[in-house]
Amino acid sequence: MPEKKKSVLKKAFRKYRLSVTDPQNFTEMFSMSVSKAKFWGYNTLVFILGIAVALSVLFYSPLKQLVPGYPSASISKAIMYHSIMIDSLSNEIQKRDAYLENIRQVISGGVVHDTISRNEDSRIQAAHLQPIRDDSIFNALIGPDKYKFSYMNSPGASVSANEMNFFTPVEGYVINRFNAAPGHYGTDIVAKDFSQIYAVLDGTVVFAEWSVTTGYVVQIQHANNFISIYKHNSEIAVKPGERVKAGDVIAIIGDEGMYSTGPHLHIELWQNGIPLDPEAYINF
C-alpha cells in the first residue's frame, strides 16, 4: 500500500515537456516542463482568482443591479428615506404621548417630568435671559418703568383689556399675517438672530419639545382659556409644568423645522379652541 501511494505521488510530480511547434516546419516555438500537480494547482488558482474578480466586479459596480432581486438605486433611496421617516414618526409619537401625559399631570395637579436636555454651552445661557426694559411702544402706552405690554385693541374681544395685557414676544417685523382659511393660524415675525422670545402672559408651560415640522415648540396655558404657541425656535429655556410670567424668556428665535423659511417666530393665540389673530391683541 505505501508503495502504491509513492507511485501516485511520483506520477503527480513527474515532469512532462510541453512544447509548441510550427506545423509547417516543425520548429519549436515554445517549451516548458511541468508536472501534473503544478498544472492542476495553477489552473485551480486561476479559477479562484477569476471567480473573485468576477464577484468583485458584480457586487462593487453598477452591474450588481442586474442581479435578480437586488434593489435598484431608486429603490435603495426610497428604502433609506422611509426608514428615516419611520424613525422620525416613532420619535413624534413618543413626544406626543409625553405631551398628553404632561397635560394630564398639569390638569390633575401632578408632577410633570422634565424631558428637555440642558447644555451649559447653549445659546440660551449666552443670551443671559434678561427681559427688555426699554421700548418706545411701551413708553407710549404705559411708561418707562415697567415691561413692555400691548393692550388688546380688538373691539370685539371677549376678554376685557383690564384683565388681559399681552407682552410683545419679540421685537421684529410681521412678514406673514394670520389667515385661518388656508390654515395659517398665527403671525410670523422676523427678528435678529439669537433674539429672545418672551411669554405674552402669565401661565403654565404644557409643552416644550422638538418637532420635525416646526422645530422647538413652546405652548403655554393662560387664564381665561387662552393658549399661546411659539414655533420654529432654535433653543428653549422652559420645561413642561413650569410657571412663567409675562416677559419671561422662554426660547431663542430660530429657523428650525421643515415648514420654516428663515429665522422667525410663528406665534399663535387660541381661546376656547378658536384661533385668534395675534395682531388684534399685540402691538408688534
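Quick one: in segment 192-217, of everything that is surrounded by 20 or more Cβ atoms within 10 Å (Cβ to Cβ), hydrophobic (A, V, I, L, M, F, W, C) and closer than 17 Å to Gln94 by Cα, which residue is nearest to the chain's Cα centre (by Cα)?
Val217
Quick check on my filter: what residues within segment 228-284 are among the charged types (D, E, K, R) and over 21 Å from Gln105 (Cα atoms)?
Matches in segment 228-284: Lys231, Glu235, Asp248, Asp255, Glu256, Glu268, Asp277, Glu279.
Just to be sure, is Ile227 touching a Leu at 6+ places or on another chain (Cβ under 8 Å) and crowded, with 20+ Cβ neighbours inside 10 Å?
yes
Name every residue in segment 236-266 that is assigned to a strand (DSSP E or B) and surrounded by fewer than 22 Cβ atoms within 10 Å (Cβ to Cβ), in order of residue number.
Listed by number, the residues that qualify are Arg243, Val244, Val249.
Among the numbered conditions (1) modelled with pLDDT of 75 or more; (2) outside the structural domain of Gln219 (by TED's automatic domain parsing); (3) out of contact with any Asp or Glu (no Cβ under 7 Å at 6 or more places or on another chain), tell me where Glu101 comes up short.
With (1) modelled with pLDDT of 75 or more; (2) outside the structural domain of Gln219 (by TED's automatic domain parsing); (3) out of contact with any Asp or Glu (no Cβ under 7 Å at 6 or more places or on another chain) applied to Glu101, the lone miss is (2).
Can you find a residue that is modelled with pLDDT of 70 or more and farther than 22 Å from Arg14 by Cβ anywhere in segment 63-70?
Among the residues of segment 63-70, not one is modelled with pLDDT of 70 or more and farther than 22 Å from Arg14 by Cβ, which makes the answer no.
Say whether the condition of being closer than 18 Å to Leu100 by Cα and either hydrophobic (A, V, I, L, M, F, W, C) or free of Cβ contacts under 8 Å to residues at least 60 places away in the same chain (or both) is met by at least one residue in segment 188-203.
yes
Somewhere in segment 10-26, is a residue of a type outside the set (Gly, Ala, Ser), exposed (fewer than 11 other Cβ atoms within 10 Å of the Cβ), at pLDDT below 75 and assigned to a helix (DSSP H, G or I)?
So far as segment 10-26 goes, yes, one or more of its residues are of a type outside the set (Gly, Ala, Ser), exposed (fewer than 11 other Cβ atoms within 10 Å of the Cβ), at pLDDT below 75 and assigned to a helix (DSSP H, G or I).
The values are calculated or read from the model by the stated rules, or taken from the named source; none is laboratory data. Only a predicted model underlies this, so the values are computations on that prediction, with no experimental measurement involved. No Cβ is skipped: glycine too gets one built from the backbone with ideal geometry, and neighbour counts run over all protein chains shown.
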